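> Pasting a structure below so you can have a look.
The values are calculated or read from the model by the stated rules, or taken from the named source; none is laboratory data. Here the structure is a predicted model, which is why all the values come from computation and not from measurement. Cβ coordinates were reconstructed from backbone atoms using ideal geometry, including for glycine residues, and neighbour counts include every protein chain displayed.
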Amino acid sequence: MSSDWTTDQIPDQHGRLAIVTGANSGIGLVTAKQLALHGADVVIAVRNAQKGAAAVREIQAAAPGVTVEQSALDLSDFDSVRAFAERFRADHDRVDLLINNAGVMAPPKRLAAGPNELQFATNHLGHFALTGLLLDLVEPTAGRVVTVSSTGHRFGTIDFDDLQSERKYRRWRSYGQTKLANLLFTFELDRRLRAADSKIRATASHPGYAATNLQSAVAGAAERAVTSVANRVLAQSPEMGAEPTLFAAVADVPGGTFAGPSGIGEQRGHPRVVQAKATAHDTAVARRLWSVSEQLTGVTFKLPAPAAA
């Protein structure tokens, strides 16, 4: 018998409520659908209402016995993040799983509302703010916050002198920085939750190389053509790419767990616990990023900072 973790091992999710950002396609849609198939009610938080409605129909067709809601969320716009949180709080008094999945990858330089650089705002700051605004609703359920990173975190650095790429924009450098920020946030959130004696677990995941729409945002027709071929030949399916997120969300693992594929280079395969690069565990960098993120988003967490090591 194989010891690989698969979606067949997802525990019964009846009575649980999940938020999945960016769940209109790719691994976000698969994640939401699998949770629904195992009984969870799901809120999909998406920018595109038309694509969101199609995703709702797909999930409901697969899991007709659960409630699936769609709610507008543009993570690059903090007013949209606050509006989503207010709507959610008006209708719900708890959330079991907050899955920070949405993201953009290496687009041409664009400014989001604020103004903030689009990748940094969408991939990190928006999820930081959303988590801070909803964390008290995760506490009653002893739930989890799962943030999706990437193997791209390994080439990322946190440049506090140019976080928003105002001096020079290098799209892949910016992407790597945001994916490293996802892990610094997750591990610092876990430390602060432990310091507060919270039952919430903060975990992270990465999908390896999965064929999704994320790669369509890369700049340049030639690069998109190469990516399209690689998606067909090398990438694993969105279903496999979603397994690490689902593992981080429902498996019996401690806070601070990072999950990714088990294959060579963590590019393919069923999920297991993997190791982030050392910088992701740098508490000084994490604390500084946390402080800067609170300033940029205007969202302050009601959690004590852990004692210095």
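> Restricting attention to region 119-143, which residues are under 12 Å from the mean Cα position of the chain (by Cα) and surrounded by 24 or more Cβ atoms within 10 Å (Cβ to Cβ)?
Start the filter on region 119-143 by keeping residues that are under 12 Å from the mean Cα position of the chain (by Cα), which leaves 122-128, 130-131.
Of everything in region 119-143, those that are under 12 Å from the mean Cα position of the chain (by Cα) and surrounded by 24 or more Cβ atoms within 10 Å (Cβ to Cβ) turn out to be Thr122, Asn123, His124, Leu125, Gly126, His127, Phe128, Leu130.
> Any chance you could count how many residues in region 262-309 are polar (S, T, N, Q) and in a loop (DSSP other than H, G, I, E, B)?
So the answer is 4.
> If I filter region 73-81 for residues that are among the aliphatic types (A, V, I, L, M), part of a helix (DSSP H, G or I), within 20 Å of the chain's Cα centre (by Cα) and within 30 Å of Pro115 (Cβ to Cβ), do I get at least one hit? Even if it seems obvious, please write down each step before you answer.
In the first step, residues of region 73-81 are kept if they are among the aliphatic types (A, V, I, L, M); the result is 73, 75, 81.
The next check asks that each one be part of a helix (DSSP H, G or I); those that pass are 81.
Narrowing further to those that are within 20 Å of the chain's Cα centre (by Cα): 81.
Then drop every residue that is not within 30 Å of Pro115 (Cβ to Cβ), which leaves 81.
Yes: region 73-81 contains one or more residues that are among the aliphatic types (A, V, I, L, M), part of a helix (DSSP H, G or I), within 20 Å of the chain's Cα centre (by Cα) and within 30 Å of Pro115 (Cβ to Cβ).
> Can you go through Gly220, Gly265 and tell me which one is under 17 Å from Lys179 (Cβ atoms), modelled with pLDDT under 95, more than 18 Å from the chain's Cα centre (by Cα) and surrounded by fewer than 16 Cβ atoms within 10 Å (Cβ to Cβ)?
Gly265
> Got a sec? Which of Val30, Val81, Val68, Val43 is crowded, with 22+ Cβ neighbours inside 10 Å, of a type in the set (A, V, I, L, M, F, W, C), touching a residue at least 24 places away in the same chain (Cβ under 8 Å) and closer than 25 Å to Gln164 by Cα?
Result of the check over Val30, Val81, Val68, Val43: Val81.
> Let me ask another. Looking at region 154-175, which of the residues that are closer than 28 Å to Gly255 by Cβ, surrounded by fewer than 22 Cβ atoms within 10 Å (Cβ to Cβ) and touching a Phe, Trp or Tyr at 6+ places or on another chain (Cβ under 9 Å) is modelled with the lowest pLDDT?
Leu163
> So how many residues does region 15-27 have that are crowded, with 24+ Cβ neighbours inside 10 Å and polar (S, T, N, Q)?
Within region 15-27, residues that are crowded, with 24+ Cβ neighbours inside 10 Å and polar (S, T, N, Q) number 2.
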